[in-house]
1. What does the charge dipole of the stretch A:241-350 about its Cα centre add up to, to the nearest 20 debye, if the Cβ of each Lys and Arg holds +1 and the Cβ of each Asp and Glu holds -1?
2. Taking H as built 1.01 Å from N, whose amide H comes closer than 5 Å to the amide H of A:Arg281, not counting residues under 5 places away?
3. Can you give the mean number of other chain Cβ atoms that lie within 10 Å of the Cβ atoms in peptide B:113-122?
4. Would you mind telling me the share, in percent, of accessible area of chain A contributed by carbon and sulfur at probe 1.4 angstrom?
5. About its Cα centre, what dipole magnitude does chain B give when the only charges are +1 on Lys and Arg Cβ and -1 on Asp and Glu Cβ, stated in debye to the nearest 20?
6. Which order, highest average first, do B:64-77, B:277-290, B:127-140 follow once you tally other Cβ atoms within 10 Å for each residue and take the mean per peptide?
7. What does the charge dipole of the stretch B:41-144 about its Cα centre add up to, to the nearest 20 debye, if the Cβ of each Lys and Arg holds +1 and the Cβ of each Asp and Glu holds -1?
8. Residue by residue through B:331-339, how many Cβ atoms from other chains fall within 10 Å of the Cβ on average?
Amino acid sequence: MKPYLTSLLLFLLPSLHAKPDHEISLGTLHGQLRFSPEAFAVKPGSTVSLTLENSDEMIHNLILAKGDAKSVDLLAEAALKLGEKGMEMGFVPKDSSIIASIGLVQPGKKASVEFKVPGEKGDYPFVCTFPGHSLTMRGIMKVVDDPASADLSQVKAVSANTTPRNGVIEVGEEPRVIRVHVAGIDSGRSIAVGLPGGINYLFDAEKLMIRTGWTGAFINVTRDRRGRGGGLCAILGEKFGVGADEFPLRIGDPEKIPETRFLGYSRSGNPTFLYEVNGVRIEQTATGNPNTKGLTYGLRADSRKDLYFLVKPADGLTVASTAGKWDPENGYVRVPAKEASEFFVSIEQK
Amino acid sequence: MKSTSQVLFFILAHLATLGQEQPKRIPAGYTVHNVETPEGVSFGVGGMEFAPNGNLFVCTREGEVWEYHAEKKEWALFADGLHEALGIWIDPKSAEIFVIQRPEITKLIDTDKDGQADLYETFNADWGVTDNYHEYAFGLVRDGKGNFYGTLNTSLSWPGWARSKKWDVARVWTKGYKDTEGKMGRAAKYRGWGFQVTPQGKFVPFASGMRSPAGIGINKYDELFFTDNQGDWEASSSLHHIVKGRFHGHPSSLTDHPDYEGKDLNAIPIEEYEKLWTRPAVWIPHGELANSPGEPIFDYTGGKFGPFEGQMFIGDQSRSNIMRVSLDKVGGDYQGVIFDFVNRLQTGCIRHVFGKDGALWVGQTGRGWGSAGGKEYGLQQVKWDGKTTPFSMHDVKLTKNGFRITFTKPADRTLASDPANYPIERWGYHYHPRYGSPKTELKRSNASKASLSKDGTEVLIETELEESRVYKLNLAAITAKDGSKLANTIAWYTLNRLKD
């Protein structure tokens, strides 16, 4: 029988079974493309009820299989090849190595599967094969005689590589800052920033502006790290607009395009971009909210003139500032010089 | 946990040295040693430099900077997220770290002293860069006055390869000359230039005409050299002496030259470019010796690396070999000889640094163009045992009527005194927009005379001399007085100018 149908039937008919030997519940870490926990232990030949509780904002699945990390790579590849049929099949390919699977689980939902554990002791990998997730969304089912005393702390289903071979850069508890060329953003000086919690943005160090924001997974740098390199990399999540079609700051005069110079960035805490505008040093951070698809700019400037922060086009965006006032007609926030030492402008989708 | 892995690591590293496979060509007394790179990390070496505390810093094509504690054999990540970092320079006094990456020169500062950079300060970003993959920025050297130097690759502009017309800018003589298909152009400012950045951070375009200038080096007299790769306008791979204002052959860069502002580069005759062109100091014959040379480095180890003090070493990515160069100043400018030195290492050799103990560290990448060595990346050391003198041609210098070849130890008198043991080929190259050049006017002869010095370490050979030629001297028939064979049987001497 087809494995994914097996799991579907088991899922539909749990009442036919006696209470399983093990009830295991796995969660997902918000915005981080990780299972939590990443390991569990069960007895050979036992019955298991496995539940995936998806507290993430992205869709996930779960496939438990025989094999090792390499065979999981192959499963992920097979899932990717399902193409248009992928969504329909829950990105669960037909493969004899699969022991059990849970199809697509929507954000905030959960789903379960019951299965019989193989009689052979050892490690059995599980993985989310939703495209782009398989590198980091991995775990291990340990089949041992005494599951209660199994040491799960040493299980490393996900390698700690900083430059994973398949190119997906993971954002953990610390922000990531990576210079890459990104498909769809015409710039030689793009800097991708991934913040914990599933919010990301692209700072263009040539135009000195955030070109786009996106929620969910961060970035796949394969095309930069494969072959001759320098290729256009893929943003993995869902893009959102940030209301910037040109460099957004003006000093003294909202009409006058200023002289600018990029100074670099700090990675102490939240990444801070540093640049000069008409000789005024600016420090810029950004935070965001994946649910409202919004970014909040944090700006510091030691300016003797008023600052103008342009939001264009502002259609469909809600703009608010902790200093000065949003002027929707002119499309800018005017910040009086004395309030410019630190202020925040938030831009969210209506 | 950590200590166990350290111990294991030490054992593995030790085993690796003991069982090290040695290259087919390597002079007696020299050995190659693998250095383990960080486990599981793609480690295409883009630059290497020792810090004052003795630790080696390596920047990578993957945009990371790693610090190597040589004694503990431990790697620690110092910085990441750079865009293909292809050069690093560390101040020997202040320990300030600068890297060159595609978009800029960056100073990496560890403000909180936790061992990782947290301030990525832009030192200079005044050259143009687009999202064209070929727009590499190579470096990084600094002269005694505190000026940085680097080289900027041309753009890959041929739409057939680049898959877009947006970079198709300033390809020169792609039409109107038979069989041309110039690939490289200039899609952003100063592509194809070597540049200087002053201590104050000012960008100065320095020399033009570069194509794929993958390595830059500096000697103790602050003289600059770069290597270029064979391609359009580049007859063969080559080593050039950079002097401010020089044009090194590839015309796309002239777009940013004040004398050519607004001019149609395709309307300028090829002969005019040729007149402007400064020939390479040393041709590195394509296919015979190297296909894609990297960084030149000078041996100032004081003899710790063997008998080649003051000479230059260059690695090659595709051949995975290390070459040795001795320069010869003739008529006020450099030309010189190149030998194959070690052939071959585990993968492409593009970056080099000498350790305090005199070991040559070779930074490697084989990604993108293929490498004879086969591995994708790596780090190896070439060491001399401190005592064995290999039998090598030490140097070849031009004389008025031939060459003076010196040996590291006495040659066999009978063999070395026979002119028939010095078969010579000489040839020229075309200067043209085509991709590479065949050898032109290839001539074969033997030396007409060979006289060995009393001590047997110097032979004067006589032969017909022509300018603008590569002379290939084959000494395979010659052995040392003690019977040992030559480590390098061939010398390629670039004769640009005759001696007065």
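1. Computed charge dipole of the stretch A:241-350: roughly 240 debye.
2. Result for A:Arg281 returns A:Asp302.
3. On the way: counts 0, 1, 0, 1, 1, 6, 7, 10, 5, 9.
Counting Cβ atoms of other protein chains within 10 Å of each residue's Cβ and averaging gives 4.
4. Here it works out to 50 percent.
5. 1240 debye
6. Order by mean packing, descending: B:127-140, B:277-290, B:64-77.
7. 320 debye
8. The mean count of partner-chain Cβ atoms within 10 Å per residue comes to 0.
The values are calculated or read from the model by the stated rules, or taken from the named source; none is laboratory data. Computed from a predicted model, the values in this text were never measured in an experiment. With ideal geometry, Cβ positions are generated from the backbone for all residues, glycine too; neighbour counts draw on all protein chains shown. For the accessible areas, the whole protein counts, side chains as well, though only heavy atoms, and no ligand, DNA or RNA atoms are used. Shrake-Rupley method; radii C 1.70, N 1.55, O 1.52, S 1.80 Å.
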